[in-house]
Ligand code: NAD
Ligand code: LMR
């Protein structure tokens with residue numbers, strides 16, 4: 001048990017820091033795929049988050065070592081490792097947030113959709129367990145292809161009678177992280193103050209960064225915007241090629257996953273105006289799922305925000321991405337209902 005603090009934090013102190021660990025409620029976060037390339041650094045970053053009181057690390061192999069290692073870090077959360085399907089229920093029980101980076105990553109020459117055959121089945125079985133053991137948890141889906149795995153999760157939850165569209169999120173934060181980095185470099189502005197919404201989905205041209213809404217504003221030429229857009233869309237492939245067969249983004253993804261989970265925790269804890277982009281059930285376009293800015297709250301999604309004004313280039317990008325995103329969503333729905 002942590003020792004009691006003798007000083008009561010002032011209101012302004014709490015406002016400044018969000019919620020201090022002293023005042024923040026108990027929150028259990030489970031990471032499924034915790035011994036993997038993303039899972040390990042993500043588990044580390046969640047162990048550093050003072051909003052987490054219990055950290056549950058699940059994988060089919062390797063979790064006892066990862067959990068023992070991380071558990072020695074002197075931060076708030078209690079860490080427990082779980083390995084194999086018979087421990088999955090225990091890993092999930094009581095979770096407020098379940099983060100899923102379980103599944104195979106790409107190798108050079110593959111698309112994210114090439115991962116469907118293996119990862120769809122993994123996501124299906126994990127979501128079946130979530131609907132049984134922690135049906136009220138917020139689910140942060142990282143496993144690719146996100147454009148299909150999120151619809152799979154929704155269908156599995158629907159079949160189990162536990163679906164709440166406010167609680168299912170495709171994690172697209174890495175696209176935002178990349179767009180911010182690349183924009184700051186090109187615009188020569190301090191990256192710490194940069195904001196760029198990224199909408200659509202999470203694969204190739206379905207990733208649509210809205211640089212016309214980027215802040216601070218910079219007068220970039222059309223060609224520069226096109227190059228930034230393409231680099232953001234191909235960011236995952238850039239890493240896959242650089243890793244040359246050893247997987248895809250893990251460290252930047254762990255960072256992005258930790259940012260998104262932290263936003264979910266803040267929302268659950270009642271911090272106002274927490275907004276992140278995410279791939280969620282949506283009426284922003286005619287597609288049933290779409291990534292856009294989302295306001296997070298005590299029940300998960302509080303409000304799905306609209307796209308705002310788009311440049312002609314972005315409007316064209318939006319129309320161009322819809323057929324691919326639609327078919328990836330339909331593929332996920334079909335898989336969940338036929339198997
Ligand atoms: P990895 O192979 O290093 O790790 C995956 C882990 O999942 C392994 O430890 C494996 O044992 C585990 N696993 C497999 N089946 C499981 C099951 N049924 N239950 C629990 N764990 C299981 O891969 P990685 O690099 O960590 O990538 C994981 C996934 O994340 C891939 O699908 C990848 O494409 C995706 N990804 C998504 C984003 C994004 O932006 N959303 C970014 C990067 C990677
Ligand atoms: C990414 O964007 O880095 C991930 O989706 C992994 C990949 O396959 O590109």
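Only residues that are more than 18 Å from the chain's Cα centre (by Cα) and either within 28 Å of residue 323 (Cα to Cα) or surrounded by 24 or more Cβ atoms within 10 Å (Cβ to Cβ) (or both) were counted across the stretch 126-147, and they come to 0.
The residues listed here are 150, 104; of these, the one that is within 16 Å of ligand 2 (Cβ to nearest atom) and surrounded by 21 or more Cβ atoms within 10 Å (Cβ to Cβ) is 150. The residue of the stretch 168-204 that is nearest to ligand 2 (Cβ to nearest atom), among those that are under 23 Å from residue 154 (Cα atoms) and assigned to a helix (DSSP H, G or I), is 174. Of everything in the stretch 205-229, what is within 25 Å of residue 257 (Cβ to Cβ) and either out of contact with any helix residue (DSSP H, G or I) (no Cβ under 6 Å at 6 or more places or on another chain) or part of a loop (DSSP other than H, G, I, E, B) (or both)? Give them in sequence order. 210, 213, 214, 215, 229, listed by residue number. Filtered by the rule that a residue be assigned to a loop (DSSP other than H, G, I, E, B), surrounded by fewer than 22 Cβ atoms within 10 Å (Cβ to Cβ) and away from ligand 1 (no atom under 13 Å from the Cβ), the stretch 35-68 gives 48, 49, 50, 53.
Condition check for residue 181 on (1) away from ligand 1 (no atom under 16 Å from the Cβ); (2) within 30 Å of residue 32 (Cβ to Cβ); (3) touching a helix residue (DSSP H, G or I) at 6+ places or on another chain (Cβ under 7 Å): one failure, at (1). Identify the residue in the stretch 262-288 that is crowded, with 23+ Cβ neighbours inside 10 Å and closer than 28 Å to residue 309 by Cα and, among all such residues, is nearest to ligand 1 (Cβ to nearest atom). The extreme case among them is 279.
I want to confirm something. Restricting to the stretch 211-250 and keeping residues that are under 21 Å from residue 307 (Cα atoms) and within 13 Å of ligand 1 (Cβ to nearest atom), which single residue is surrounded by the most Cβ atoms within 10 Å (Cβ to Cβ)? Per the criteria, the residue is 232.
Which of the residues that make up the stretch 230-253 are more than 21 Å from the chain's Cα centre (by Cα) and not in a helix (DSSP H, G or I)? It would help to see each step written out before you state the result.
Taking the stretch 230-253 first, the residues more than 21 Å from the chain's Cα centre (by Cα) are 230, 241-246.
Listed by number, the residues that qualify are 244, 245, 246.
Taking the conditions (1) crowded, with 22+ Cβ neighbours inside 10 Å; (2) within 15 Å of ligand 1 (Cβ to nearest atom) in turn, residue 113 satisfies each one other than (1).
Every read-out reported here was derived from the displayed coordinates using simple, explicitly stated rules and does not represent laboratory data. Keep in mind that this is a model prediction, so the values were computed, not measured. Quick reminder, even Gly has a Cβ in these numbers, built from the backbone with ideal geometry, and neighbours come from all protein chains shown.
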